[in-house]
Amino acid sequence: MSVDVRHEALQTVTKPLQVEERRQGAPILAVKKLRTCFDTYRGQVRAVDGISLSVRPGETVALVGESGCGKSAAALSIMRLVPPPGRITGGQVIFDGQDLLALSRAEMRRIRGRRIAMVFQDPLTALNPTLRVGAQLVETLATQGAARGRAARQRAVALLDAVGIPAAAERMRAYPHELSGGMRQRVVIAMAIAGQPDLVIADEPTTALDVTLQAQIMELLAKLKEERGLAILLITHDLGIVANFADRAAVMYAGQIVAEGPVADLVREPLHPYARGLLRCVPRLGRPDVPIHPIHGSVPDMVAPPAGCRFAPRCPEAMPQCRQEMPVLKRQPPTARTIRQNSEGESLARGGTVRRVRCHLHPGEGGNGR
Amino acid sequence: MWVRFVGRRLWQTAPVLIGVSLIVFLTMHLTPGDPIEHMLGRAGSVTRAQIEELRAHYALDRPLPTQYALFLGKAVTGDFGPSYSQGRPVVEVITERLPATLELTLFAFVIALAVAIPAGALAALRPHRLFDRTATVVALLGVSMPGFWLGIVLMILLGLRLHWLPISGRIDWALAPESITGMNTVDALLAGDGAALRSALAHLILPAITMAAPMAAMVTRMVRSSMIGVLGQDFVQFARARGLPEWRVVGKHALRNALVPTVNIVAIQTGMLLSGNMVIEAVFQYPGIGKLAVDAIAAADYPLVQAVVLLYAVSYVGLNLAADGIQAVLDPRVREARA
Ligand SMILES: Nc1ncnc2c1ncn2[C@@H]1O[C@H](COP(=O)(O)OP(=O)(O)OP(=O)(O)O)[C@@H](O)[C@H]1O
Ligand code: SF4
Ligand SMILES: [Mg+2]
């Protein structure tokens, strides 16, 4: 489905952009050694255990990993919306030069929606079931000081139109349950971009949708990214989506980032055994002869994570050292692909060249153990 | 959709009302003792012929189904015959007392909700913290305390010891305003009579609080648990992520959704305010339907008892209908599911 900007009112919403230029600029978001834990009766669940991550304007960074590895906790930490009994215990979230963790509640509230927006996994539960979608969208616009009254209604219709909702003006009166899953997610996305944010955190935006809709929604996000120069932090466990839509990816395991780099490198030459394992779980289209290998075992208990490398109990390549010493995230030599692209002056190619891996098999170039 | 919703709900209440009326009718015939003897109990000696005449007059010599049909036909028009104990039509006795009870119920209702909704919501915001724990203990007391006991304690403390509030009646008789609606506070307001209003309110406070206490306790617990569930839902997080201020997230989005399941409890509890006030009206010598019912039972005044029981049943049904309507207003999914 093509999503074009049909409404004039939207011209004011769209930002002028030079996406490629902005991609090389300073990161809009730089998460540094962020820690978040949940205090449970069993002890502290270290859901996010010192992750560092950055996203530049116009860039899509994927955060991937199995269920329970801490992706949502990381996203909610950036928004400072971790629900109790969770709390952020350390680190920094530098957004546009300021540490969000140091802001007052009121200041943080003005960041939400206006500067950083979020798209949730299940669009049915993300919308208030008792209010019309138009009212919720208008409310968002009014809160963000974008528009009020009639202007807000017009703007809301324009937004619904921009996210590809047919007969947008009529849809304003619909309740969430009266819309299909795909339409609901479009409404959620419309609400996310209503405040013209710089960064959208999309937490599994397509997981609750059926396959045909997944591509549509991802294409919509990609289009909005291009039009508005958005930075996107895309949380997913679907490596197909990562390969198609992300520039860089960070692989999370048990609260830590274990690998990070350009998507092309991750998909073609995964260095980390866990990343390789994730890739082997993905069925190859049209290649039923390529067997799928699930990763054996399950994610570790985050109250008492295993000593040494957290992946060691499941790692097919584990060495004795792995069970004693925690590997650090180390910068790895660039791949042939990135070297070639650099020499061709394409250093701005998707995702840059830097890649880091946390594994004893890859001692890397030393230093930079972020 | 609305027409269908309301029509269907009204239709569904018919069997309930018929069932209740049948039970009310039968209890009169199944209870030991002959109504005519009760009626004549105070009239001294009567002849057998007179009794038979009365039997025929009240159709007591007809088969039960016929009697029931007659009873129902009259009940629908509000005709329950004369009260045995007062010798006046039952309707007259009831309409005379109804405003007093309605007034008291309304006050108790407002007090209960004004306390319970904010208290439940606040407790839910910080579960297991000081406010929540305090509210839990108070609510437990409110539920487990016999209503009349709280009434007596309040009466002794605020009435007899401190002399702050009157302990019985509806109003200082000397101040009673001209009856228009029968509700003293309303009549006083209509007459612009401040002294009467103060007196009426002073008389209402203690019984209203006594009645409101268990309802407030129940509703607080319900709002709390419902609110905790709602606060954990995605749309609340999404509302915050959109930058909505916390008061709006909680007071509008979360509360509205939390109230949907609470409405039923409120309806049931309001029904209990109406029908469960016999003891409290008796304790406070408050001349309402509850006290009337107690007196009617003591006097074996069957027509009056029947009418009061039917009144209670109808009000329960009406309250539940209202609850459904309010839920349908709050939540469009209810509207569709039950239409
Ligand atoms: N409210 C909570 N109370 C206790 N522990 C929690 C809570 N929420 C999350 N956790 C724990 O934090 C860890 C990370 O959870 P998180 O929801 O971030 O995982 P995720 O990577 O988003 O998984 P999924 O793919 O299933 O969404 C898990 O081990 C989970 O058990
Ligand atoms: S450090 Fe050892 S256990 Fe951990 S991923 Fe590397 S090889 Fe496997
Ligand atoms: Mg998640």
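Points worth noting:
- Residue satisfying all of: in region A:178-202; at the interface with chain B (Cβ under 10 Å from one of its Cβ atoms) and under 14 Å from residue A:79 (Cβ atoms); surrounded by the most Cβ atoms within 10 Å (Cβ to Cβ) among these: A:192
- Of the residues making up region B:134-169, those that are free of Cβ contacts under 8 Å to residues at least 12 places away in the same chain and of a type in the set (A, V, I, L, M, F, W, C) number 8.
- Look at region B:1-23: where a residue is touching a residue at least 40 places away in the same chain (Cβ under 8 Å) and a partner is outside any helix (DSSP H, G or I), sitting 6+ places away or on another chain with Cβ atoms under 9 Å, you get B:1/B:339; B:2/B:339; B:4/B:339; B:5/B:339; B:8/B:339.
The rows are residues; the columns are (1) surrounded by fewer than 20 Cβ atoms within 10 Å (Cβ to Cβ); (2) under 15 Å from the mean Cα position of the chain (by Cα).
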site	(1), (2)
A:245	no, yes
A:250	no, yes
A:257	no, yes
A:262	no, yes
A:266	no, no
A:280	yes, no
A:291	yes, no
A:297	yes, no
A:306	yes, no
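- Some residue of region A:209-219 being touching a residue at least 24 places away in the same chain (Cβ under 8 Å), over 15 Å from the mean Cα position of the chain (by Cα) and within 16 Å of ligand 3 (Cβ to nearest atom): yes
- Residue list for region A:295-310, filter: of a type outside the set (Lys, Arg) and within 16 Å of ligand 1 (Cβ to nearest atom): A:295, A:297, A:298, A:299, A:300, A:301, A:302, A:303, A:304, A:305, A:306
- Close pairs from region A:294-318: first without any contact (Cβ under 8 Å) to a residue 12 or more places away in the chain, partner of a type in the set (D, E, K, R) and within 8 Å of ligand 2 (Cβ to nearest atom), Cβ under 7 Å, at least 6 apart: A:312/A:323
- Annotation: residue A:71 fulfils all but one of (1) away from ligand 3 (no atom under 13 Å from the Cβ); (2) more than 14 Å from chain B (Cβ to nearest Cβ); (3) among the basic types (Lys, Arg); the unmet one is (1).
- Candidates A:135, A:158 - the one that is more than 10 Å from chain B (Cβ to nearest Cβ), modelled with pLDDT of 90 or more and surrounded by fewer than 19 Cβ atoms within 10 Å (Cβ to Cβ): A:135
- Matching entry among B:290, B:271, B:243 (being outside any helix (DSSP H, G or I) and either touching a residue at least 40 places away in the same chain (Cβ under 8 Å) or within 11 Å of another protein chain (Cβ to nearest Cβ) (or both)): B:243
- Residue that is surrounded by the most Cβ atoms within 10 Å (Cβ to Cβ) [pool: residues in region B:135-182 that are hydroxyl-bearing (Ser, Thr, Tyr) and under 21 Å from residue B:213 (Cβ atoms)]: B:136
- Among all residues of region A:101-109, there is at least one that is within 13 Å of another protein chain (Cβ to nearest Cβ) and under 20 Å from residue A:232 (Cα atoms).
- Annotation: residue B:198 fulfils all but one of (1) more than 14 Å from every other protein chain (Cβ to nearest Cβ); (2) charged (D, E, K, R); (3) surrounded by 21 or more Cβ atoms within 10 Å (Cβ to Cβ); the unmet one is (3).
- Extreme residue, nearest to residue B:261 (Cα to Cα), among residues of region A:118-132 that are more than 7 Å from every other protein chain (Cβ to nearest Cβ) and in contact (Cβ under 8 Å) with a residue 60 or more places away in the chain: A:124
- Selection within region A:66-90 - closer than 18 Å to residue A:277 by Cβ and more than 6 Å from ligand 1 (Cβ to nearest atom): A:66
- Region A:230-325 holds strands (runs of 3 or more DSSP E) entirely within its bounds, and those carrying 2 or more residues that are modelled with pLDDT of 90 or more and of a type in the set (Gly, Ala, Ser) map to A:248-253, A:256-262.
The values are calculated or read from the model by the stated rules, or taken from the named source; none is laboratory data. These numbers were taken from a predicted model, which means no experiment stands behind them. Cβ sites come from the backbone with ideal geometry, for glycine too, and all protein chains shown count toward neighbours.
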